[in-house]
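The values are calculated or read from the model by the stated rules, or taken from the named source; none is laboratory data. Just so it is clear, the structure is predicted and the values come from calculations on it, not from any experiment. Here the Cβ positions follow ideal geometry from the backbone for every residue, glycine too, while neighbour counts run over all protein chains shown.
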Amino acid sequence: MARARVRETAAGSDGPEGAYQARPTLKSLPEGERPRERLIAAGPGALSTAELVAILLGTGLPGEMVTDLARNLLVEFGGLHGLARTSVADLCRRRGLGEAKATQLKAALELARRLSVEHPEERFQIKSPADVASLLQLEMSVLEQEELRVVLLDTKNRVLSVRRVYVGSANATSLRVGELFKEAIRQNATALVVVHNHPSGDPTPSSEDVQVTQTIREAGKLLDVEVLDHVVIGQQRFVSLKETHSGLWR
């Protein structure tokens with residue numbers, strides 16, 4: 001029995017002296033930041049996608065909090081849509097995901113898919129820039145480089161999917177506007193919201209952001225897909241270009 005315990009400790013070692021490091025759980029977080037408690041208090045709609053995935057995972061890795069693991073998975077696999085398309089075998093190859101966690105994720109995603117087919121009215125609805133931020137801020141605020149994503153919406157502004165379109169600093173000359181609308185047309189989206197992050201943490205829109213927004217708005221009019229807003233994500237803050245540059249929407 002003692003030998004087995006020694007072997008177990010060595011296998012879990014992550015340091016030079018072989019000291020076992022437990023995987024951080026949701027209870028390791030400050031009480032006000034625990035997704036489970038926040039879900040109970042405010043409802044699931046108040047949680048970001050990363051927080052909901054963290055609840056499914058339960059535990060992180062030595063040195064990687066479960067919320068960080070969830071956020072990193074969403075980034076690596078391209079959001080929920082990417083996770084849904086990835087096989088259990090491929091998920092299991094990612095450090096921190098064994099068969100148990102991978103199957104839990106796939107089961108939850110399949111239930112969500114079936115719910116959306118049976119009851120499309122239950123999809124998350126975008127009513128304000130704050131709704132967009134609650135959907136993506138936790139995940140996008142920690143990215144080390146800029147990403148531009150589109151939130152595709154139906155006729156009632158319910159979320160169809162979120163697509164990553166561009167990685168790197170986008171400007172009006174480098175951005176392929178056709179790629180931005182390609183998935184919108186394929187999914188019959190009638191509207192979309194553009195979202196990108198500022199790794200500096202300051203969400204103040206740049207002149208390039210304004211120019212890109214104007215280009216996207218003009219393309220949307222031609223393709224009959226309404227561009228509802230362009231939200232810039234920073235550290236714990238966000239900016240809506242529709243609110244700060246309302247002239248672009250006239």
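Tabulated results
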item	result
Only one of V167, V177, V132 that is modelled with pLDDT of 85 or more and either loosely packed, with under 14 Cβ neighbours inside 10 Å or on the phi < 0 side of the Ramachandran plot (or both)	V132
Unmet requirement for G234, which otherwise passes all of (1) more than 20 Å from Q125 (Cβ to Cβ); (2) over 17 Å from the mean Cα position of the chain (by Cα); (3) surrounded by fewer than 21 Cβ atoms within 10 Å (Cβ to Cβ); (4) not polar (S, T, N, Q)	(2)
Residues located in region 48-63, provided they are crowded, with 19+ Cβ neighbours inside 10 Å and either touching a residue at least 40 places away in the same chain (Cβ under 8 Å) or among the basic types (K, R) (or both)	S48, T49, A50, E51, V53, L57
Residues that are out of contact with any helix residue (DSSP H, G or I) (no Cβ under 6 Å at 6 or more places or on another chain), part of a helix (DSSP H, G or I) and not aliphatic (A, V, I, L, M), drawn from region 181-214	K182, E183, R186, S207, E208, D209, Q211
Meets criteria (surrounded by 14 or more Cβ atoms within 10 Å (Cβ to Cβ), basic (K, R), in a helix (DSSP H, G or I) and within 15 Å of the chain's Cα centre (by Cα)) for R38	no
Evaluation of R71 against (1) surrounded by 17 or more Cβ atoms within 10 Å (Cβ to Cβ); (2) of a type outside the set (A, V, I, L, M, F, W, C); (3) at pLDDT below 85 (one fails), failing number	(3)
Criterion (in a helix (DSSP H, G or I) and modelled with pLDDT under 90) met by exactly one of L83, L56, L52	L83
Test: residue in region 4-18 that is modelled with pLDDT under 85, part of a helix (DSSP H, G or I) and surrounded by 19 or more Cβ atoms within 10 Å (Cβ to Cβ)	no
